[in-house]
Amino acid sequence: MNYLKICYLIILSFSISSSILAEEIKVNDDNTKFNIYSGMFDFSDDGKRATLIGFQHQNTDLNRDTFLGNLSPITGLMFTADSAAYLYTGVQGQYSLGALNIIPSFTPGLYNQGDGKDLGHLLEFKSEVQISLNLLKNSQLGFSYNHLSNASLGDKNPGANSYMFNFLKTF
């Protein structure tokens, strides 16, 4: 069983157990949002593109209204099929136009290249924009694009462009 399949199984089992636990505890506050996503890491580099899978958490109790709109902290982890990993935490905004949500985010994090692309530094910065559509009461389906860069902290800064399909669930 390869690494990517194991990641899919872990995230799937966590999602199922979280929803069962939320039902048992009778969480009605809808204050925790999980984002499970999968897509293509560095799709613009033929030599180093790789399938990716990730998981992100947002606690909406920590949302703050600012001059930029409603902002909240997020934390996540992303893996590629080439054993690269990115652990991040940062901030995202959310702007709703009816059932359509536009969600920009900025997250500094730690990158380990594994057998994947060398991005030039341990510290990388992810800028992302996600567009999602409200499906059922507590679910969204979306598409996102991000760019990973070390802001020239390292000797090289090739960057990586990725796209993902997202499933968001609020508990």
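A few points about this structure:
- When residues in the range 139-171 are screened for being buried (at least 18 other Cβ atoms within 10 Å of the Cβ) and aliphatic (A, V, I, L, M), 4 of them pass.
- Test result for residue 99, loosely packed, with under 14 Cβ neighbours inside 10 Å and among the hydrophobic types (A, V, I, L, M, F, W, C): yes
- Identity of the residue in the range 73-96, small (Gly, Ala, Ser) and in a strand (DSSP E or B), that ends up surrounded by the fewest Cβ atoms within 10 Å (Cβ to Cβ): 96
- Any hit, the range 31-51, residues being over 22 Å from residue 144 (Cβ atoms), at pLDDT below 85, among the acidic types (Asp, Glu) and surrounded by fewer than 17 Cβ atoms within 10 Å (Cβ to Cβ): no
- Residues in the range 58-109 that are in contact (Cβ under 8 Å) with a residue 24 or more places away in the chain, over 15 Å from residue 146 (Cα atoms) and of a type in the set (Phe, Trp, Tyr): 95 only.
- Leading residue by the ranking (nearest to residue 84 (Cα to Cα)) among those in the range 114-171 that are in contact (Cβ under 8 Å) with a residue 40 or more places away in the chain and hydroxyl-bearing (Ser, Thr, Tyr): 162
- Among the criteria (1) modelled with pLDDT of 95 or more; (2) touching a helix residue (DSSP H, G or I) at 6+ places or on another chain (Cβ under 6 Å); (3) among the hydrophobic types (A, V, I, L, M, F, W, C), the one residue 160 does not fulfil is (2).
- Looking only at the range 29-72, and only at residues there that are of a type in the set (Lys, Arg) and not in a strand (DSSP E or B), the one that is nearest to residue 131 (Cα to Cα): 49
The values are calculated or read from the model by the stated rules, or taken from the named source; none is laboratory data. Predicted, not measured: the structure shown is a model, and the values here were computed from it. As a convention, Cβ positions derive from the backbone with ideal geometry for all residues, glycine included, and neighbour counts pool all protein chains shown.
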